[in-house]
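The values are calculated or read from the model by the stated rules, or taken from the named source; none is laboratory data. It should be emphasised that the depicted structure is a prediction, and the values quoted were computed from it without experimental measurement. Reconstructed Cβ throughout: ideal geometry from the backbone, glycine too, with neighbour counts over all protein chains shown.
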Amino acid sequence: MPGPAYEISYLQNTLELLEKYVLSADIYWPVRSAPEAGELPFPSLTLGGVLLSLARLNSTTISDQHQAMREQLSGDIESIAIRWRVAWESKAVREFHARLILWRDYLDEYRSNPENNTDRYSYEVNRRVMLHLLEPYVEHAPEAEKEMLRGLDQLLKATFQAGEFIWDAWLESAFPPQPYWYLFGKLRGSK
């Protein structure tokens, strides 16, 4: 998983696009800027992606310089969220729905074929984390979707083995076991 400098760069590049993105009809926007040589390409611009990058930078292990940059970026992003509150919340509701369906589909694939889907968990669980991060903005999401997420959590708990933090160690302080219990373990059938 990329480090703090990558997350800062992603946020800096998406900040330039964020206001237009929030006011657009799209859930996913390409980030045309490229990261440092040798780094993974930036993911698409989404509210969930922005919130996930900010959350990753809540790590207590990042440098003071990165913390200061995170605070500046967080303030800039929050001002856009406040200025365009209705558009931000509308986009969050749409993304919540899209990520919920993808998370449900992954868990269905795991249940139907655990052997071929357990290794994908550490990547796929990004969606569950993003759903958590989007929740404060989806007050007006259909209650059925919120209920579906609770049901998927129950399904996950039935197939989950508690254990070690599954992402890079530098992120552990940013994602404590409560509420991120699903980052501390693996699915049954995992190697």
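Quick notes
- Out of 117, 126, one residue alone is crowded, with 16+ Cβ neighbours inside 10 Å, in the same structural domain as residue 103 (by TED's automatic domain parsing), under 15 Å from residue 102 (Cβ atoms) and at pLDDT below 95. It is 117.
- Residue match in region 4-15 (condition: charged (D, E, K, R) and in a helix (DSSP H, G or I)): yes
- Test: residue in region 6-20 that is crowded, with 21+ Cβ neighbours inside 10 Å and in contact with a His (Cβ under 9 Å, 6 or more places away or on another chain): yes
- Residue match in region 81-91 (condition: under 18 Å from residue 173 (Cβ atoms) and surrounded by 21 or more Cβ atoms within 10 Å (Cβ to Cβ)): no
- None of 187, 131, 152 is at negative phi and either surrounded by fewer than 16 Cβ atoms within 10 Å (Cβ to Cβ) or in contact with a Ser or Thr (Cβ under 7 Å, 6 or more places away or on another chain) (or both) except 187.
- In region 20-43, the count of residues that are among the charged types (D, E, K, R), modelled with pLDDT of 95 or more and within 17 Å of the chain's Cα centre (by Cα) is zero.
- Residues of region 156-180 satisfying the condition of being exposed (fewer than 15 other Cβ atoms within 10 Å of the Cβ) and assigned to a helix (DSSP H, G or I): 157, 158, 169, 173
- Neighbours by Cβ (under 6 Å, 6+ apart or cross-chain): first from region 65-81, assigned by TED's automatic domain parsing to the domain that holds residue 45; second acidic (Asp, Glu) and surrounded by 11 or more Cβ atoms within 10 Å (Cβ to Cβ): 80/19
- Within region 77-119, the only residue that satisfies the criterion of being outside any helix (DSSP H, G or I) and under 30 Å from residue 15 (Cα atoms) is 84.
- Where residue 32 falls short, out of the listed (1) free of Cβ contacts under 8 Å to residues at least 24 places away in the same chain; (2) in the same structural domain as residue 164 (by TED's automatic domain parsing); (3) of a type outside the set (Gly, Ala, Ser): (2)
- Pairs linking a residue in region 141-166 that is among the aromatic types (Phe, Trp, Tyr) to a residue that is modelled with pLDDT of 95 or more and not in a strand (DSSP E or B), with Cβ atoms under 8 Å and 6 or more positions apart or on different chains, are 160/182; 165/171; 165/172; 165/175; 165/183.
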